[in-house]
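What follows is a single structure, written as structure tokens, with notes after it.
Here, each number is a calculation from the coordinates, and none is a lab measurement. In this text the structure is predicted, and so the values were computed from the model without any measurement. Counting neighbours? That spans all protein chains shown, and the Cβs are built from the backbone with ideal geometry, glycine included.
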Amino acid sequence: MPELPEVETVRRTLLEGGLAGLAIVAVRVLHPDAVHWPDTARFSRELQGRRIDGVRRRGKFLLLDCGGRTLACHLRMTGRLWLSAAQEAHLSHTHVVLELSDGRELRFRDVRRFGGFTLMEPDGSMGPPLLARLGPEPEELSLADLARACSRRAGSPVKSLLLDQAFVAGLGNIYADEALHRAGVHPGRTCGSLSTQEQGAVRRGVRTVLREALRHRGTTFLDFRDGAGEPGAFQAFLRVYGREGLPCRRCTTPIAKTRIAGRGTHLCPRCQPEGE
DNA sequence: CCACGATCCTGCTAGC
DNA sequence: TGCTAGCAGGATCGTG
């Protein structure tokens with residue numbers, strides 16, 4: 001599940017691969033589900049001939065600057081976006097291919113078909129609605145933001161707050177669990193019950209885990225690959241996610257798995273006590 | 001305003 | 001061995 005570190009790794013590896021400066025010479029949409037806006041004919045026509053000037057990221061969105069137009073891409077669960085040699089055999093579930101001016105291709109594949117592209121209008125309208133509502137990047141999240149959100153949503157579990165992209169952009173299920181373990185805060189704790197000290201620990205946990213995951217180029221369970229097709233390495237350093245029954249790396253208590261905010265949730269019952 | 005469950009989708013796997 | 005039901009989850013939508 002690509003979250004901030006994975007999406008940022010894709011961005012960096014696309015740039016390292018030399019994507020910026022290349023033109024899109026042809027567009028092939030193999031599955032219309034992967035183009036969210038506009039219709040596939042307009043999408044192809046309006047992208048063709050444009051030069052890719054750069055690649056930015058906002059939350060989990062990749063934003064390709066295409067000669068005055070912004071092409072937004074969301075990988076959701078299983079999306080991959082990578083630079084490929086044209087003669088490379090097609091992976092199954094490849095839905096969009098952008099042929100590039102140096103003979104290579106920018107390919108998008110997505111097994112579950114949740115992800116896809118939005119070609120924003122020249123005035124910036126028709127972008128993904130969530131993009132306009134995103135909260136701050138985690139590095140910009142202030143303690144005041146956190147305190148305000150905690151009092152506004154006093155009754156809801158802290159994990160749902162971390163997953164809310166309008167509160168902070170870029171966290172998903174894996175890093176929400178990892179951040180809360182680092183903070184020593186149970187994911188089911190209500191926002192209103194967190195002390196100022198605990199709020200600080202949560203913010204620190206979020207920032208620390210995202211930085212470390214980025215340093216290891218993201219987490220690959222099954223699907224994630226970067227812009228060069230390479231997997232990440234952070235899965236070896238996860239402390240709770242996917243480690244049900246395995247000893248906590250801090251205290252050796254078996255990691256528990258439960259359901260909070262409708263998501264599979266991993267935690268250490270000892271490091272993250274349920275009550276205060 | 002906020003929370004929660006269902007929904008989308010396919011591949012993997014636990015269980016019979 | 002082979003089948004099926006259940007699970008995985010980011011974001012959205014309808015309901016309470």
>> With the cut-off at 1.5 for a/c, could you classify the stretch A:90-131 from its C-alpha gyration tensor as rounded, prolate or oblate?
In response: oblate
> Which values of log₁₀ I(q)/I(0), to two decimal places, follow from the Debye formula for the stretch A:64-223 at q = 0.15, 0.17, 0.18 Å⁻¹ with a uniform point scatterer at every Cα?
Replying inline: -0.92, -1.07, -1.13
> Taking the highest mean first, how do the peptides A:267-275, A:242-250, A:71-79 order by number of other beta carbon atoms within 10 angstrom per residue?
Replying inline: A:71-79, A:267-275, A:242-250
>> Which of rounded, prolate or oblate describes the stretch A:149-210 when judged by the alpha-carbon gyration tensor and an a/c cut-off of 1.5?
In response: oblate
>> Could you identify which residue out of A:V209, A:V96, A:V111 has the top mean-square fluctuation in a GNM of chain A using Cα springs shorter than 10 Å?
In response: A:V111
> Shape call for the stretch A:34-95 from the C-alpha gyration tensor, a ≥ b ≥ c root eigenvalues: rounded (a/c under 1.5), prolate (a/b greater than b/c) or oblate?
Replying inline: rounded
> Residues in the stretch A:20-34 near a label at A:M126, defined as backbone nitrogen under 17 Å from the 7 Å Cα→Cβ point?
Replying inline: A:29, A:32-34
> Does anyone have the angle between helix A:143-152 and the longest principal axis of chain A? Alpha-carbon axes, 0 to 90°, nearest 10?
Replying inline: 70
>> Please list, ordered by chain and number, the residues whose modelled amide H lies under 5 Å from the amide H of A:V35; skip anything fewer than 5 residues away on the same chain.
In response: A:F117
> Given a cut-off of under 8 Å on Cα pairs at least six residues apart, what relative contact order in percent is computed for the stretch A:117-276?
Replying inline: 21
> How far is helix A:196-215 tilted, in degrees, relative to the longest principal axis of the Cα atoms in chain A, given as a value from 0 to 90 rounded to the nearest 10?
Replying inline: 40
> Between A:E16 and A:D102, what is the spin-label point distance in nm, taking each point 7 Å from the Cα along the Cα→C-beta axis?
Replying inline: 1.4
> Where in the stretch A:202-246 is the amide nitrogen less than 13 Å from a point lying 7 Å along the Cα-to-Cβ axis of A:R270?
Replying inline: A:246
> Sorted by packing (mean other beta-carbon atoms within 10 Å per residue), highest first, where do A:60-66, A:224-230 land?
Replying inline: A:60-66, A:224-230
> A:R249 to A:A89: FRET efficiency via 1/(1 + (r/R0)^6), r the Cβ-Cβ distance, R0 45 Å, to the nearest 0.05?
Replying inline: 0.70
> How far apart, in nm, are two points set 7 Å out from the Cα along the Cα-to-Cβ line at A:R259 and at A:V25?
Replying inline: 5.2
> Could you give the radius of gyration (one decimal) and Dmax (whole number) of the Cα atoms in chain A, in Å?
Replying inline: 19.8, 59
>> If I model a spin label at A:R76 and A:T190 as a point 7 Å from the Cα along the Cα→Cβ vector, what separation in nanometres do I get?
In response: 3.4
> What FRET efficiency comes out for the pair A:E137/A:A41, r = Cβ-Cβ distance, R0 = 25 Å, nearest 0.05?
Replying inline: 0.10
>> Could you tell me the relative contact order of the stretch A:218-276? Use alpha-carbon pairs under 8 Å, at least six residues apart, and round to a whole percent.
In response: 22
>> So if I take the centroid of the Cα atoms in the stretch A:216-262 and the same for the stretch A:86-161, what is the distance between those two points in Å?
In response: 21
>> Can you give the FRET efficiency to the nearest 0.05 for A:A154 and A:A236, using r as the Cβ-Cβ distance and R₀ = 35 Å?
In response: 0.40
